[in-house]
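For reference, the structure is listed below as structure tokens.
The values are calculated or read from the model by the stated rules, or taken from the named source; none is laboratory data. Please read all numbers here as calculations on a predicted model, not as lab measurements. In this analysis, Cβ positions are derived from the backbone assuming ideal geometry, glycine residues included, and neighbour counts consider all displayed protein chains. Surface areas here come from the heavy atoms of the whole protein model, side chains and all, with no ligands, DNA or RNA. Shrake-Rupley method; radii C 1.70, N 1.55, O 1.52, S 1.80 Å.
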Amino acid sequence: CPLLVSPPQLQAGDRVRVKSREEIMVTLGLFNDLKGLTFMPEMWQYCGTEQRVFKPLARFFDEREYQIRRARGIVLLEGLMCVGTEMFGPCDRSCFYFWREEWLEKID
């Protein structure tokens with residue numbers, strides 16, 4: 001029986017390229033999501049840019065369900081935070097966008 005090895009996860013400090021719109025589009029489902037995580041319209045502006053991983057996400061507070069959720073394969077990128085949406089307008093909360101590793105390419 002071959003040993004199953006999971007792909008290496010991104011770590012804090014890793015440099016990444018946000019994949020192109022076309023590369024990300026093929027990963028998204030009917031509701032612009034991948035494995036339950038929505039790609040927000042405001043995130044498209046970062047396609048093709050180089051970024052640095054701030055930290056991998058292990059747990060987060062789900063305000064809709066009011067509970068702590070575990071996460072795998074999701075990272076936060078340095079300085080990329082939501083400042084509001086077109087639908088709801090400006091917001092001063094400064095929440096990090098959640099990025100699936102499938103939407104990123106590690107730069108060596």
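Numbers at a glance
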quantity	calculated
1.4 Å probe accessible area per residue over segment 16-108, in Å²	70
Near-label residues of segment 34-52 by backbone N, under 20 Å of a point 7 Å along Cα→Cβ of VAL83	40-52
Accessible surface of the chain [probe 1.4 Å, protein heavy atoms]: carbon and sulfur percent	54
Mean Cβ count within 10 Å, highest first, over the residues of peptides 34-46, 82-94	34-46, 82-94
Helix-only CD estimate at 222 nm, as mean residue ellipticity for the chain, using -39500 (n - 2.57) per DSSP H run (n ≥ 4)	-1000 deg cm²/dmol
